[in-house]
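Data first, discussion second: the structure below is written as structure tokens.
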Amino acid sequence: MEGEISVVSVEPEASLVRQGKGRVGHVKKVGHVRKIISKKRKPCRGIIKQAVPRVPKALQELFVSCRETFKGPGTVPLPEDVHKLCHILDKMRPDDVGLDLRFFKPENMIFQNARVTSTTIYECKNFSLCIFFLPAKGVIPLHNHPGMTVFSKLLVGKMHIKSYDWADPDASKNSSQPSQLRLAKLQANRVFTAPCDTSVLYPTTGGNIHEFTAITPSVVLDVLGPPYSQEDGRDCSFYKDHSYNAFSNGESEVGDEEKHGYGWLEEIEMPEDSQIEGIEYRGPPIIDTIL
């Protein structure tokens, strides 16, 4: 085909500028992504056409569906909209966002030695589309998503995910425990391997507080609605989890058979070695048309 794009390679630049007190979801353009495009040329009466940037159907469909689904802060998507978004995300492949899988081979030492990085495909007041790149053993520490609904699609790799919800989301912190501790119920604690189904978390259910640990180089596509916003009270908090017995003091808030499914979460500052560096998105563009 004339002008066919055969390879799209997204590579984090080696010399990234460290982002100071960055938080998950707040992405600054402190580096850039270099996109390499090679074209198959087919002679046609002496005329060679230029490759025209193409928006992957799945990515554009995701964008349009997000715009229809997310109504702004204080709202949660309807079940039928959640189902539609999951259906779109479940079908998405790495090349839909410009990823070249050759870049994630184990012998790629640049990626193995890199920090966790992220890039924003699109962001508005109602939702954002972000990609997180984790090297092997890379960690995005336990953090929350206040008032947010988040869809996570593992595009590349193998990753362990642990997630919690507050045992009583409406209660203030338990006064019988140290002020920084709060009881939470374990929702997930297992390994996911791409390709796999999309996971969804809600403001108070579905594992709103989660941690990602990459077993192999991994890439996650996140849809956040609404995005983090410190001004609007949706700042990101970080936590350290402790076993239930560590701070139970002999009290019986949960039955003996259920103790393994609960833990105490201690709010902490973002670990300095877990800061996420931002890179500019240079993958396939989105056509932002007005409805």
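Summed over the stretch 217-233, the residues that are surrounded by fewer than 19 Cβ atoms within 10 Å (Cβ to Cβ) and not charged (D, E, K, R) give a count of 3. Of all residues in the stretch 77-99, those that are over 14 Å from Val219 (Cα atoms) have Cβ atoms under 9 Å from Cβ atoms of residues that are assigned to a helix (DSSP H, G or I) and of a type in the set (A, V, I, L, M, F, W, C), 6 or more apart or on another chain, in Pro77/Leu85; Leu85/Leu62; Leu85/Cys66; Ile88/Ala58; Ile88/Leu62; Lys91/Ala58.
Within the stretch 221-236, residues that are in contact (Cβ under 8 Å) with a residue 40 or more places away in the chain and assigned to a loop (DSSP other than H, G, I, E, B) reach partners that are surrounded by 14 or more Cβ atoms within 10 Å (Cβ to Cβ) and among the hydrophobic types (A, V, I, L, M, F, W, C) with beta carbons closer than 7 Å, at six or more positions or on different chains, in the pairs Pro226/Phe70; Pro226/Phe127; Pro226/Met148; Pro227/Phe127; Tyr228/Cys236; Cys236/Val24.
Scanning the stretch 129-154 for residues that are in a strand (DSSP E or B) and within 17 Å of Glu277 (Cβ to Cβ) returns Cys130, Ile131, Phe132, Phe133, Leu134, Val139, Ile140, Pro141, His143. Can you confirm whether the stretch 66-87 contains a residue that is surrounded by fewer than 16 Cβ atoms within 10 Å (Cβ to Cβ), among the aliphatic types (A, V, I, L, M) and at pLDDT 95 or above? Yes: the stretch 66-87 contains one or more residues that are surrounded by fewer than 16 Cβ atoms within 10 Å (Cβ to Cβ), among the aliphatic types (A, V, I, L, M) and at pLDDT 95 or above. Looking at Gly233, Gly255, Gly250, just one residue is closer than 24 Å to Cys124 by Cα, out of contact with any helix residue (DSSP H, G or I) (no Cβ under 7 Å at 6 or more places or on another chain) and at pLDDT below 95, and that residue is Gly233.
Would you confirm whether or not the stretch 266-275 contains a residue that is closer than 24 Å to Lys185 by Cα, modelled with pLDDT of 90 or more and assigned to a loop (DSSP other than H, G, I, E, B)? Yes, there is a match, as at least one residue in the stretch 266-275 is closer than 24 Å to Lys185 by Cα, modelled with pLDDT of 90 or more and assigned to a loop (DSSP other than H, G, I, E, B). Among the residues of the stretch 173-195, none qualifies, meaning not one is at positive phi, in a loop (DSSP other than H, G, I, E, B) and touching a helix residue (DSSP H, G or I) at 6+ places or on another chain (Cβ under 9 Å). Is there a residue being modelled with pLDDT of 95 or more, out of contact with any Lys or Arg (no Cβ under 9 Å at 6 or more places or on another chain), more than 23 Å from Ile276 (Cβ to Cβ) and of a type outside the set (Ser, Thr, Tyr) anywhere in the stretch 155-175? Looking through the stretch 155-175, none of the residues is modelled with pLDDT of 95 or more, out of contact with any Lys or Arg (no Cβ under 9 Å at 6 or more places or on another chain), more than 23 Å from Ile276 (Cβ to Cβ) and of a type outside the set (Ser, Thr, Tyr). Set side by side, the residues Thr213, Thr205 differ, and just one is closer than 30 Å to Phe63 by Cβ, part of a strand (DSSP E or B), modelled with pLDDT of 95 or more and of a type in the set (Ser, Thr, Tyr), which is Thr213. Of the listed requirements (1) at pLDDT below 95; (2) more than 15 Å from Trp264 (Cβ to Cβ), Pro227 misses just one: (1).
The values are calculated or read from the model by the stated rules, or taken from the named source; none is laboratory data. What you see is a predicted model; the values in this text were computed from it and never measured. Virtual Cβ from ideal backbone geometry, glycine too; neighbours counted across all protein chains shown.
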